[in-house]
Structure formats: C-alpha cells, structure tokens
1. How much mean residue ellipticity at 222 nm does the chain get from its helices, if each DSSP H run of length 4 or more adds -39500 (n - 2.57) and you divide by all residues, to the nearest 500 deg cm²/dmol?
2. Rounded to the nearest 5, what % of DSSP beta bridges with both residues in the chain are antiparallel?
3. Taking neighbour counts of Cβ atoms within 10 Å as a proxy for exposure, in what order, fewest first, do Arg40, Arg122 appear?
4. Which is the longest stretch in the chain that no exposed loop site breaks, taking sites as chymotrypsin sites (Phe, Trp or Tyr not before Pro) with a DSSP loop state and at most 16 other Cβ atoms within 10 Å?
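Just so it is clear, none of the values below were taken in a lab; they were calculated from the coordinates. Since this is a predicted model, take the numbers as computed values, not measurements. Positions of Cβ are backbone-derived with ideal geometry, glycine not excepted, and every protein chain shown enters the neighbour counts.
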Amino acid sequence: MIETTQLQVRDAVSDDQAFLIDCALAMALETEHKRLDPARLQHGVGTLLAQPARGFYLIAEHAGTRAGTLMVTYEWSDWRGGDFCWIQSVYVLPEARRSGVYRALHASASARARKAGAVGLRLYVEQDNLRAQRSYAALGMRRTAYALFEQEFAAQ
C-alpha cells in the first residue's frame, strides 16, 4: 500500500509509452480476459501521445514510481454545446490499489476538464466490475440511462 500524500499526477510523455502499453495489456486481460495485439496497441498509444487534440494520458506516481494511469478523450455534445471528457483505459497497478491512486487521477482529470470548459465526465465500466462502480459512485459519478452499443470493424 502506498501513502496517498506522496502521490503526484502528471501528463504522460513519450517515455511513458511502454508503461501505458503494459497497463492496457494487463487491464484488458484482467477485466475482459482479452489479449490485445501489442503492435496495434503501440500504434494506438503512440498516436494519442503524438496528437493531443484526440486526448491525453495521465500518470499517477508515488515517489517517482508509476502507480497507475488513465486516458481522457473528447466527445462533442450538440445537446449541451460542449465536450464531454471520457475517462478510459484506467489501470492501477495491483500493489497500489485501494490507496488513492484512482482518486488522484480522477481529481486531476476532473479539474482539467472543468478548466477546459467541458460539460462533464463520462466513462464506461464492465457490468460485473462492482468494485470499480463503487469507486466511481463515491467520486460523484452516477449510472446513466444509456446502454452502450458498438459495431467493431476488422483491422485495416
């Protein structure tokens, strides 16, 4: 367990790419039992790092050691006349869980979204991940009436 007062949150930089890829691989396997393609993931992470108009990653560190990450992307809402910031790719290293890492990441993402004029924060979570759902609710997020649908296309 790490000490919460020692947490720092910063923007990810290109030197964090390997950590971000490792976190995404671990998160997909742990939460959805999916094995992601590392080459495709490297392209995806690298693209976001190189194109900040698409979003950004945050890194939580304890005493200079990375403890967790999340990604924020943008969605325009014509109904609200502003962007929603979507929290995605959340991962906290197992040894750092339940010690305030996600809370620090969430607070930073929320503050940054407010400063940028976003109309709100959104995220999606696995239906069976009750621990994560409790964490999000404790931070003021609420379940919406929307169900998520997707149509996935084959790799190009």
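1. -11000 deg cm²/dmol, from helical runs alone.
2. 85 percent
3. In order of increasing Cβ crowding within 10 Å: Arg40, Arg122.
4. Segment 1-78 is the longest.
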